[in-house]
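S.K.: Before we start, here is the structure in question, set down as structure tokens.
FYI, it's all coordinate maths here, none of it is from the lab. Since this is a predicted model, take the numbers as computed values, not measurements. Ideal geometry is used to build each Cβ from the backbone, glycine not excepted, and the neighbour counts take in all protein chains shown.
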Ligand SMILES: Nc1nc(=O)c2c([nH]1)NC[C@@H]1CN(c3ccc(C(=O)N[C@@H](CCC(=O)O)C(=O)O)cc3)C=[N+]21
């Protein structure tokens, strides 16, 4: 028996169709969703992501701007630009591509983004809203994970979800969203002694650690849903996840591939947040 594959790309495409329709009706009301993506320095991987985000905007009929700044841009200059976009009514989402060059303090930059335009969901107030369960702009990758589960009929309610990894952008928020969906949640990390044993108890296993192919067959309960958030570039240039796909595919009930799993959902949830932010300006 082999796992059912969760085709994130397909699910992502169908969500984009929905968003396109909603964006169209918002435009009829006089508001065109607008996103600005700001990138500092010329990291080739980052440039690919930024281009994909701009492409998604174009596909959905959004307005978008891409600002490419040199690597030696000062923090003051970047802060000034964010202030400018905070006050720009054509822009409903501001994304500053991370990581930033070392001389710029990430926290200072994220804090400067207007909460209502924080489409990454990284601002401390967005994080607080998520924790409380208020209607927040949700962080894109964790939100994408929840959508993948729901849209494949794998509703988290009543399930034991085990999250491996505790980062601010994946592990912690995805655990909180799973909790809001009424899962029982266990968070494991590098200092968890019995990590394999805990992983094997999961009905839903979400992995985001940045260690290529860490999760093997013996980590997975037969029939479990395995969501791989890892995107690691190998020496041969190929992408691979934090889950050893070929090893786990025979035991899992469901599994996300890398690429084509969680990745495309991240950009789609960014589009959803931008639309949500734009819609809120009507009220
Ligand atoms: N402020 C900020 N927000 C981000 O959301 C953010 C960021 N900074 N910095 C970089 C990471 C990375 N990221 C990805 C988005 C989509 C794919 C994606 O679509 N991946 C495809 C493959 C793409 C390829 O072939 O390279 C897939 O997994 O199928 C990957 C990675 C967003 N990030």
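S.K.: Which value, in Å³ per residue, describes the convex hull spanned by the Cα atoms of the stretch 163-212?
M.R.: Values: hull volume 3.7 nm³, N = 50.
About 73 Å³ per residue, rounded to a whole number.
S.K.: To the nearest 0.05, what FRET efficiency results for residue 247 and residue 131 with a Förster distance of 51 Å applied to their C-beta separation?
M.R.: Values: r = 35 Å, r/R0 = 0.69.
Once rounded, the FRET efficiency stands at 0.90.
S.K.: Which whole-angstrom value gives the distance between the alpha carbon centres of the stretch 228-283 and the stretch 205-227?
M.R.: Between the Cα centres of the stretch 228-283 and the stretch 205-227 lies a distance of 14 Å.
S.K.: Also: Quote the FRET efficiency, to the nearest 0.05, computed for residue 217 versus residue 182 with a Förster distance R0 of 30 Å and r equal to the Cβ-Cβ distance. Walk me through the numbers on the way to the answer.
M.R.: Details: r = 29 Å, r/R0 = 0.96.
Using R0 = 30 Å, I get an efficiency of 0.55.
S.K.: Then there is this: Given the rule -39500 (n - 2.57) for each run of at least 4 DSSP H residues, summed and divided by the residues of the chain, what is its mean residue ellipticity at 222 nm, to the nearest 500 deg cm²/dmol? Working shown, then result.
M.R.: Working: 10 runs with 116 residues, N = 283.
Result for the chain: -12500 deg cm²/dmol, rounded to the nearest 500.
S.K.: Residues in the stretch 101-117 near a label at residue 79, defined as backbone nitrogen under 15 Å from the 7 Å Cα→Cβ point?
M.R.: 103-114
S.K.: Sort 137-146, 98-107, 1-10 by packing, meaning the average of other beta carbons within 10 Å per residue, with the highest value first.
M.R.: Most protected by this proxy first, the peptides run 137-146, 1-10, 98-107.
S.K.: Given a Förster distance of 35 angstrom, what is the FRET efficiency for residue 72 paired with residue 1, based on the Cβ-Cβ distance and rounded to 0.05? Write down the numbers at each step before the final one.
M.R.: Numbers: r = 55 Å, r/R0 = 1.57.
About 0.05, to the nearest 0.05.
S.K.: Antiparallel DSSP bridges in the chain: what percent, to the nearest 5? Spell out each step's value before the answer.
M.R.: Working: 2 of 31 bridges.
Percentage antiparallel, nearest 5: 5.
S.K.: I would also like to ask the following. Give me the one-decimal nm value for the distance between modelled label points at residue 27 and residue 48, 7 Å along each residue's Cα-to-Cβ direction.
M.R.: Computed distance between label sites residue 27 and residue 48 equals 3.0 nm.
S.K.: Just rank 246, 118, fewest to most, by other beta-carbon atoms within 10 angstrom. List each step's numbers first, then the result.
M.R.: Working: 246 9, 118 25.
Going from least to most buried by this count: 246, 118.
S.K.: Counting only the backbone N, which residues of the stretch 111-148 are under 19 Å from the spot 7 Å out from the Cα of residue 283 toward its beta-carbon?
M.R.: 114-121, 125-139
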